[in-house]
Structure formats: C-alpha cells, structure tokens
Amino acid sequence: MIADTATYHRRELSVARDRDDPRRIMPPIMPGHRQILDVGCGAGQTLIASNLDAGVLAVGVDIDHPALLQGRRAANDIRFVRARGESLPFENESFDLVICRVALPYMHLSKALAEMSRVLRSDGDLWLVLHPLSVSLEGLGTNIRHFRLKAVAYRMWVVLNGLILHTFGKQWSWPPRKPISYETWQTNAGVQRALLAAGFTHILISRQKHFVVTAVRT
C-alpha cells in the first residue's frame, strides 16, 4: 500500500509539473502571497510544482504520514505538518493564501472552511478544487462493473451524503461512531452557501475542465 501511495504521489508531481497535461490544475500565486498553506497537501506536489520564490513560507498539511515523509525528502524548503483540515494547528490570520486541491471533498466541509477562514488574513485568498457528482457516479459505476460490493455500498453512501450536503448543508461520517471520512460531492449552490457562512466573499466558480472555486476572506 505504501509503495502504491508513493507511486501515486510521484505521478501527481509529474502531472503538476507538465504544463501540457490536461489533468494539471495549479493555483494562481500572486506577489502578495508570501505565506501559503496547502490543506490536504499529500506529498506537497502542488507547492513543489509552483516553484515559489525564495522567502515564501510554504506549509503543507495532511493526515497521511508516509506522504508527508515523502514530501520532506523531495522538498526541504516546504514545512510539512500532520493535522486534519478541520483542526489546523496555526494561529489566526497566519496566511495570505490557502489552497486545497481535491482534499476538501473528504473533510467535514463547514468545519474545514471555518478553519481555513480563521488562518487566513483579512483579504486573504482561497483556492479550492472540488468534486462534482460525476466523480462519485463514475466511481460507483466502476465498482459495480468489478462487483466490489463493499466499495459499491460506500460509493452509494457518498452519493447520498453529497445530496444531503447540497439540500440541508449537513454531512454524515463514515463510519458513524469513529469517523474516517466525510466524503461528499459538491454543487455550486452548496459550496457558495458554505463559503458565505465561513466568512468568504468574491466567490467565483469555474466548471470547465475542473471544479475550481476561489474566494476572499473578509
């Protein structure tokens, strides 16, 4: 499993570095972004491929310890911290930019967004890549075709959880008593509602190649 995970992160770094790869999606880094936090960073692929200027404080947070170790070996100018997105171990208003590439769909959305808002400075920028319903349905179809019954049950739960999030703004955990995942899919209306509740404005949503959302912390 660890070897497979390491291979996955190396492949993700290769994609992030290849400007011609259609899977590539990178955050816009502005001159004013001097303190950057990547929530759900994996092995730091996005931060590494961003080729940040000297003097920029780059911090990556993830709960995957082997991925963090892999990131530390690959980049000694990035600080890697093991923590959950719903409980960030940083002081208020510590960062100019918070990014989260396809990690928020696995978190408790409202709690994680509240934490991202807390650690962002006033007028700080947020950049998210999310999962539309099609991602969950594709995973469900793949597991049905391969007759993976447990995976099918989980994917059906994810589809339902995303519907509950969109309709009521609530999430279930899997499993209920000892949460491992809050996985959902997102909608324009649902994520906009959650961002406004967390104190963000200037919300922009793009649904072209990727489901990208940007916002500003007020």
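One table, with the values for the structure above:
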read-out	value
Residue-averaged 222 nm ellipticity for the chain, from DSSP H runs of 4+ at -39500 (n - 2.57), nearest 500	-12000 deg cm²/dmol
Virtual spin-label span in nm between Arg23 and Lys209, 7 Å along Cα→Cβ	1.3
Calculated FRET efficiency for the pair Ala6/Arg121, C-beta based, R₀ 41 Å, to 0.05	0.75
Electrostatic dipole magnitude of the chain [Cβ: Lys, Arg +1; Asp, Glu -1; Cα centre; debye, to 20]	680
Inter-label distance for Val159 and Gln192, nm, one decimal - labels placed 7 Å from Cα along Cα-to-Cβ	2.6
Amide H contacts of Phe80 (H built 1.01 Å from N, under 5 Å, at least 5 apart or other chain)	Gly60
Length gained when the stretch His202-Asn51 is fully extended (0.36 nm per residue, less Cα-Cα span)	51.7 nm
In Hz, Karplus ³J(HN,Hα) per residue of the stretch 141-155 (6.51, -1.76, 1.60; θ = phi - 60°; x = Gly, Pro)	x, 4, 6, 5, 5, 8, 6, 9, 5, 5, 5, 4, 4, 5, 5
Volume per residue of the C-alpha convex hull in the stretch 133-185, rounded to whole Å³	62
Dipole of the stretch 133-185, positive direction: furthest Cα of Ser134, Ile144, Thr167, with charges on the beta-carbon	Ile144
Share antiparallel - DSSP beta bridges, the chain, percent rounded to 5	40
Translational diffusion of the stretch 1-123, µm² s⁻¹ [Kirkwood Rh, Cα pairs; Stokes-Einstein; 4 °C; 1.567 mPa s]	88
Kirkwood hydrodynamic radius of the chain, from inverse mean 1/r over distinct Cα pairs, in Å	17.9
Whole-Hz ³J(HN,Hα) from phi, Karplus 6.51 cos²θ - 1.76 cosθ + 1.60, for the stretch 21-30, glycine and proline x	7, x, 7, 6, 8, 10, x, x, 9, 9
FRET efficiency, His146 to Met30 (Cβ-Cβ, R0 45 Å, nearest 0.05)	0.55
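Each reported figure results from applying straightforward, stated rules to the coordinates on display, with no laboratory input. Quick caveat: nothing in here was measured; it's all calculated off a predicted structure. Don't worry about glycine lacking a Cβ; one is built from the backbone with ideal geometry, like all the others, and counts go over all protein chains shown.
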